[in-house]
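The values are calculated or read from the model by the stated rules, or taken from the named source; none is laboratory data. Here the structure is a predicted model, which means the values were calculated and not measured. Reconstructed Cβ throughout: ideal geometry from the backbone, glycine too, with neighbour counts over all protein chains shown. Keep in mind that these areas ignore ligands, DNA and RNA; they rest on the heavy atoms of the full protein, side chains included. Shrake-Rupley method; radii C 1.70, N 1.55, O 1.52, S 1.80 Å.
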Amino acid sequence: MMQAGSALALPEGVERMALPAPSTAATPLPCPAGPRTLAYLCFTSGSTGLPKAVEVEHRGILRLVLGADWADFGPAERVMQTGSLGFDVSTFEVWAPLLNGGTLIQPETDVPSLADYARTIEADGVTTAWFTAGLFRHLVDARPDALARVRQVLAGGDAVSPDHALRLLEVAPGVRLINGYG
């Protein structure tokens, strides 16, 4: 546990960015970030199984979620976050709604069950959700009724089962199913 006032150790080669002191001035504070500025590091297992840091620039996030034609991200979208912030899909889940005037919905529990996902979809009017291929299969098997309420279902991270895709489309003929794999 960190002590109050202690500094977080950064990986070698990563420098802390100095932020301007808080101000009550009416003019905007200078922002050193730009399109080619590092937004975050995403660690993957890579093809060797060893963790590898991938640098993600601000422009990569913007390219993913602004002006996209592969999914709808407008102000009416209510996107449910299903992935951990350490999973690259969270970039889509967080920034697609926030940069397009939509709403980010988070389940109330840290490790949601299928029933928790269904309850969140219903209670919060979720319109868009990304599921890993495995979670997608489980939801279609156990709670396809919950997914029938979502306008856009994205599934990926692994090959999406064609049988499960067809079963969802039978239960929810109006859903836009997007294969986000590869």
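Per-structure values
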| read-out | value |
| --- | --- |
| Hits in the range 104-129 - residues which are modelled with pLDDT under 95 and under 23 Å from Val65 (Cα atoms) | Gln106, Pro107 |
| Selection within the range 72-87 - of a type outside the set (Ser, Thr, Tyr) and surrounded by fewer than 18 Cβ atoms within 10 Å (Cβ to Cβ) | Asp72, Gly74, Pro75, Ala76, Leu85, Gly86, Phe87 |
| Failed item in (1) at pLDDT below 95; (2) in a loop (DSSP other than H, G, I, E, B), with Gly101 passing the rest | (1) |
| Residue list for the range 142-182, filter: out of contact with any strand residue (DSSP E or B) (no Cβ under 8 Å at 6 or more places or on another chain) and open to solvent by 90 Å² or more (accessible area, probe 1.4 Å) | Arg149, Pro162, Asp163, Leu166, Arg167, Glu170, Pro173 |
| Boolean, Arg59 is at negative phi, open to solvent by 70 Å² or more (accessible area, probe 1.4 Å) and assigned to a helix (DSSP H, G or I) | yes |
| Selection count where residues are surrounded by 12 or more Cβ atoms within 10 Å (Cβ to Cβ) and either in a loop (DSSP other than H, G, I, E, B) or of a type outside the set (D, E, K, R) (or both), scope the range 45-56 | 3 |
| Residue, nearest to Gln81 (Cα to Cα), within the range 130-157, restricted to residues that are touching a residue at least 40 places away in the same chain (Cβ under 8 Å) and assigned to a helix (DSSP H, G or I) | Leu135 |
| Sole exception among (1) closer than 18 Å to Asn179 by Cβ; (2) touching a residue at least 40 places away in the same chain (Cβ under 8 Å) for Thr127, by number | (1) |
